[in-house]
Amino acid sequence: MKPFIRIGPSFSVALTFFVSLAKAQETGSVSGTVTLAATGDPVHGAIVLVIGLGEFTTTDSEGHFRFDHIPAGTHYLLVQREHLTAERQQIIVTPEQNLEVEFALGLSPIHENVTVTTSARGEATALEQFNAVTTLDSFELSKDMWGSLGEVLQNEAGVAKRSFGPASSRPIIRGFDGDRVLIMEDGIRTGDLSSQSADHGVTIDPANLERIEIIKGPATLLYGSNAVGGVVNTITPHDSFRRSQPQGMRGQVVLDAGSANDQLGGNANLRYGNGGWMFWGSGGARRTGDYDTPGGRIENSASELANGSAGAGFYGDRAFISLGYGIEDGRFGIPGAGELHGHEGEEGEHAGEEAFFVDSSPRRQNVRFDVGLSELDSAFLDSTRVTFQYTDWNHDEIEIADGIEAVATSFMNDVYLLRAELEQRRSARLSGRFGLWFQNRDYEVIGEEALAPRTKQNAFAGFAYEELTLGSATTLSFGGRVEYNDYDPAAREGGQDTNSHEGEVPVAGHEDEPPESIARSFTGLSGSVGLRHDLTSSAALVGNFTSSYRAPALEELYNFGPHVGNLAFEIGDPNLGRERINGIDLALRGRSSGLDTDVNFFYYDIGNFVYPAFQEEIVNGLRLAEYRQDDARFVGFDAQANLRVTHFLWIKAGFGYVDAKLTDIAEYVPRIPPFHGRVEIEIPYEAFTITPEIIWSARQDRIFGTGETPTDGYIVLNLKAHYTLARTHQAHIFSVNAYNLTDELYRMHTNFIKDFAPEIGRGVKFTYSLRLF
């Protein structure tokens with residue numbers, strides 16, 4: 001009993017401290033009106049945010065808004081709707097009184113990024129965050145609409161694109177790819193297989209999104225220990241609808257067309273609120289043809305994608321419940337896969353065929369259920385939310401010989417997810433979130449590329465993320481995550497025992513036997529601590545230290561055989577250990593009416609880094625790659641800035657650089673993006689803006705010693721223009737983008753098929769977007 005006697009007083013003191021932080025404060029109310037600066041008309045559907053508190057609301061049909069129970073003291077309000085924005089306004093709230101304010105919104109080339117993914121206090125601006133946050137809203141997406149997530153994000157600071165053809169592109173963040181970058185939809189993992197292989201894409205259509213948030217930093221521990229590179233959270237209109245609870249009809253229509261790839265797409269969504277009831281639905285489709293380059297057309301690079309969703313919910317004063325369903329169905333060509341599969345001209349089944357292609361046909365269905373409580377009558381808890389999602393992912397690889405189709409490989413990935421999250425009652429000093437996460441996964445592949453046995457994976461985690469204000473200008477963050485993963489593989493075909501490879505049939509062309517189907521489990525603790533100091537009211541210095549672990553991915557443990565999607569004959573290792581990642585982030589952020597900056601430096605020291613070690617040996621026409629572990633380090637920076645030169649001239653720039661080495665063997669990590677950046681000059685005149693743009697990349701010759709070739713640098717010139725017609729209840733956006741004006745022949749180092757498939761040539765895109773409020 002003595003240990004408990006000693007601990008008791010300390011625990012009581014700590015409990016008293018934290019409860020005292022959560023005591024109610026004297027409060028007042030704030031109300032106001034938002035209008036259009038150009039016409040004086042009321043603005044419906046504008047977001048009004050109390051900076052630092054996470055409190056937000058939307059304006060009604062008359063442009064009115066109101067906050068109750070705002071702590072007495074000095075605060076700042078921010079108002080935005082699409083790219084209409086107003087300067088921050090300082091307010092002084094007095095106890096038991098109502099403060100009246102007014103805002104006038106006008107078009108602006110820049111606006112403050114607002115995030116819900118990483119904040120400990122609900123909605124928050126990027127300037128307040130410990131994490132590096134980049135936000136693209138639907139306005140920015142419509143100005144430069146591409147058909148895949150990787151293409152849309154490829155020129156953001158610190159982000160690159162991994163691809164095996166346009167439709168399969170996926171973001172690379174700070175040099176990290178695959179299982180080290182987490183893709184989410186509305187705060188939940190997508191359940192697809194895009195991390196597993198370069199020819200597996202993300203099927204989310206950017207035209208159907210409200211916004212995209214890219215997060216790099218400690219709050220990624222809220223969502224997964226494997227998100228060392230970062231998190232990309234794609235946010236749908238109906239998820240924003242659930243949070244803001246507006247009344248009446250809202251919606252969005254996006255139409256786009258392009259020349260160099262025969263792009264054509266259309267998406268629409270509607271949301272309706274009446275009392276506490278809310279209903280939403282969306283649908284759309286897009287297609288592209290084979291794309292043109294200065295060197296010719298890339299055969300079998302066409303794509304198709306259709307999507308639809310529907311849902312309903314009831315949102316009372318303190319409780320909510322909703323149910324939704326979504327489906328994405330696509331098909332895209334895999335350029336060059338016919339030759340890489342080794343079918344053309346060989347003896348046997350396909351001998352003498354003139355045309356042999358490989359297509360991918362992914363399909364994702366998900367059912368999502370949300371339930372929660374808000375404004376809890378508790379001194380410590382403010383709200384809670386529980387989300388359950390079932391995802392059914394199917395992916396067929398289709399071989400096409402002289403027009404005759406046959407399914408060669410079928411991938412099936414069924415995922416059940418449960419996430420329970422609680423938000424603490426915010427006080428003047430302490431705020432945070434904590435919760436539990438569970439995942440059950442059943443993975444199976446049948447056919448020619450069944451590289452791994454059927455495997456069931458179970459995982460669960462507990463997580464917490466807290467922010468503590470230490471003074472008027474300094475805030476401390478601390479968080480942690482305990483995560484458990486276990487893999488239970490079945491016996492491989494051919495009679496293999498779970499713990500023995502007796503009777504296994506080796507893959508033709510290689511004498512080694514497949515990895516043993518050994519059950520593995522991993523448990524690890526991840527944690528972070530950060531310090532943020534406000535240099536001024538519009539500038540902050542941030543430092544973070546994160547120590548996290550990553551369990552090896554299923555394919556790294558069990559794959560064996562020719563994997564065209566990674567250009568390798570892969571040999572997994574079921575005895576791989578877990579990775580340990582220690583990272584340091586330093587950031588300088590500033591926001592003013594004429595300058596917006598975000599500069600981030602990072603250093604990651606990774607023990608037991610898992611990577612495919614390419615060998616000289618060629619097996620089945622592919623280079624042999626064994627999954628190995630060595631220590632590694634990643635160091636670099638990403639930066640972005642928006643500078644107002646005059647009222648009619650803005651300069652916007654973003655850069656990213658990373659140097660990654662395997663320190664044990666003095667080799668570079670394979671496929672690391674080179675130093676690259678983007679510079680835009682925005683010239684606004686009333687509702688019209690013209691934007692010349694330069695995208696450039698340095699030469700990449702820091703390559704892995706075997707199986708990787710250097711890539712020359714390039715400069716690409718684009719010219720964008722858009723016109724915005726803003727009204728009280730709607731906004732029309734007309735955009736045109738003339739890209740690669742000089743018809744530059746260029747290749748991206750992170751494109752798996754760059755040697756025969758350069759990037760898209762000269763073309764033009766047109767986009768029309770209608771927003772209803």
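A compact table of results
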item	result
Model label zone, PHE314; criterion: amide N under 12 Å from point 7 Å along Cα-to-beta-carbon; scope segment 271-302	276-278
Net length gained if the chain between GLN90 and ASP664 were fully extended (0.36 nm per residue, minus Cα distance)	201.2 nm
Mean separation of Cα contacts under 8 Å, 6 or more apart, over the residue count of segment 608-762: relative contact order %	15 percent
Between 0 and 90°, nearest 10: helix 2-21 axis offset from the chain longest Cα axis	60 degrees
Sequence-distant residues sharing a close amide H with GLU516 (under 5 Å, placed H)	none
Amide H contacts of VAL669 (H built 1.01 Å from N, under 5 Å, at least 5 apart or other chain)	ALA660, LYS661, LEU662
Sum of side-chain charges, GLU328 neighbourhood, beta-carbon under 13 Å (Lys, Arg +1; Asp, Glu -1)	-2
Cα-based Rg / Dmax (Å) for segment 603-730	21.4, 66
Cα Rg, Dmax, segment 215-311, angstrom units	18.7, 58
Cβ crowding within 10 Å averaged over residues, with 69-75, 211-217 ranked highest first	211-217, 69-75
Translational D in µm²/s for segment 386-494 (Stokes-Einstein at 10 °C, 1.306 mPa s, Kirkwood Rh from C-alpha pairs)	90 µm²/s
For segment 251-319 and segment 678-735, distance of Cα centres in Å	22 Å
Cα centroid of segment 376-430 to Cα centroid of segment 147-190, whole Å	17 Å
Separation in nanometres of the label points that stand 7 Å from Cα toward Cβ, at ALA519 and ALA738	6.5 nm
From phi via Karplus (6.51, -1.76, 1.60), per-residue ³J(HN,Hα) for segment 674-681 in Hz, x at Gly/Pro	x, 4, 8, x, 9, 10, 10, 10
HN-Hα J in Hz across segment 258-271 - Karplus 6.51, -1.76, 1.60, θ = phi - 60°, x for Gly and Pro	x, 9, 6, 10, 6, 5, 8, x, x, 9, 9, 9, 9, 9
For segment 152-226, diffusion coefficient by Stokes-Einstein and Kirkwood Rh (Cα), 20 °C, 1.002 mPa s, µm²/s	166 µm²/s
Contour minus Cα-Cα distance for ALA104 and ILE694 (0.36 nm per residue)	209.1 nm
17 Å Cα cut-off, lysine pairs counted over the chain (separation 8 or more, or different chains)	7
Accessible surface ranking that places the most exposed of ARG425, ARG492 first, with a 1.4 angstrom probe	ARG425, ARG492
Carbon plus sulfur fraction of accessible area for segment 615-694, probe 1.4 Å, in percent	58 percent
Dipole moment magnitude, nearest 20 debye, the chain about Cα centre, only Lys, Arg, Asp, Glu C-beta charged	3680 debye
Residue-normalised accessible area of the chain, given per residue in Å² at a 1.4 Å probe	38 Å²
3J(HN,Hα) from dihedral phi, segment 714-720, Karplus parametrisation 6.51/-1.76/1.60, rounded to Hz, x for glycine, proline	7, 10, 10, 10, 10, 9, 10
Convex hull volume of the chain per residue (C-alpha atoms, cubic angstrom)	156 Å³
Share of Cα-Cα pairs in segment 408-466 lying beyond 13 Å, as whole percent	70 percent
Potential lengthening between THR474 and GLU405 on full extension [0.36 nm per residue; Cα-Cα distance subtracted]	18.6 nm
Ratio Rg/Rh [Cα only; Rh per Kirkwood] for segment 349-425	1.42
Heavy atoms of ILE715 accessible to a 1.4 Å probe, total area in Å² rounded to 10	100 Å²
Packing rank of 513-521, 228-236, 746-754, where each peptide gets the mean count of other beta carbons within 10 Å, highest leading	228-236, 746-754, 513-521
Where only alpha carbons of segment 538-616 are counted, the Rg and the Dmax (Å)	19.4, 57
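The values are calculated or read from the model by the stated rules, or taken from the named source; none is laboratory data. Since the model is a prediction, treat every value here as computed from it, not as a measurement. Because the Cβ atoms are built from the backbone with ideal geometry, glycine has one as well, and the counts that use them run over all protein chains shown. Side chains included, ligands, DNA and RNA excluded: accessible areas come from the protein's heavy atoms. Shrake-Rupley method; radii C 1.70, N 1.55, O 1.52, S 1.80 Å.
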